[in-house]
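Novice: I have a structure here, written as C-alpha cells, and I will follow up with some questions on it.
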Amino acid sequence: MTVSAGRKVCTKCKRNLKETDFFKLKTGERCDLCKDCLTQYIDNRKPSTFM
Ligand SMILES: [Zn+2]
C-alpha cells in the first residue's frame, strides 16, 4: 500500500486527505483521525481531556 508524501488516509472515514487535515501530535506525528473525525470523537467524549 503506497501513500503519497504529504497525504494520509484517515483510519475512520477512510478518506485520503492532506496531512494538514490531520492534527499534529507533540511527537511530530500526525493523528490517525482527520480533523473532522477527531472533532466528532472528542465531542462524544470529554473535550477537557484533550490538550
Ligand atoms: Zn476522518
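Novice: Of THR39, THR11, THR27, how do they rank once you tally other Cβ atoms within 10 Å and put the fewest first?
Specialist: Working: THR39 14, THR11 11, THR27 6.
Starting with the residue having the fewest Cβ neighbours, the order is THR27, THR11, THR39.
Novice: How many percent of all Cα-Cα pairs in the range 7-49 sit more than 16 Å apart? Intermediate results must be reported in sequence, preceding the final value.
Specialist: Details: 310 of 903 pairs.
In whole percent, the share of Cα-Cα pairs in the range 7-49 beyond 16 Å is 34.
Novice: Return the sequence-ordered ³J(HN,Hα) values of the range 25-39 in whole Hz as given by the Karplus equation 6.51 cos²θ - 1.76 cosθ + 1.60 applied to θ = phi - 60°, using x for Gly and Pro.
Specialist: 8, 4, 6, x, 8, 8, 5, 6, 9, 5, 4, 4, 5, 5, 4
Novice: So what are the ³J(HN,Hα) numbers for the range 5-16, from phi and the Karplus equation (6.51, -1.76, 1.60; θ = phi - 60°), rounded to whole Hz, Gly and Pro as x?
Specialist: These are the phi-based 3J(HN,Hα) values: 4, x, 10, 8, 9, 5, 6, 9, 8, 6, 7, 8 Hz.
Values quoted throughout were computed directly from the atomic coordinates according to the rules given, and no laboratory measurement underlies them. This one's a predicted model, so the numbers in the text were calculated from it and none came from an experiment. Methodologically, a virtual Cβ is constructed for each residue, glycine included, from the backbone with ideal geometry; neighbour enumeration extends over all protein chains shown.
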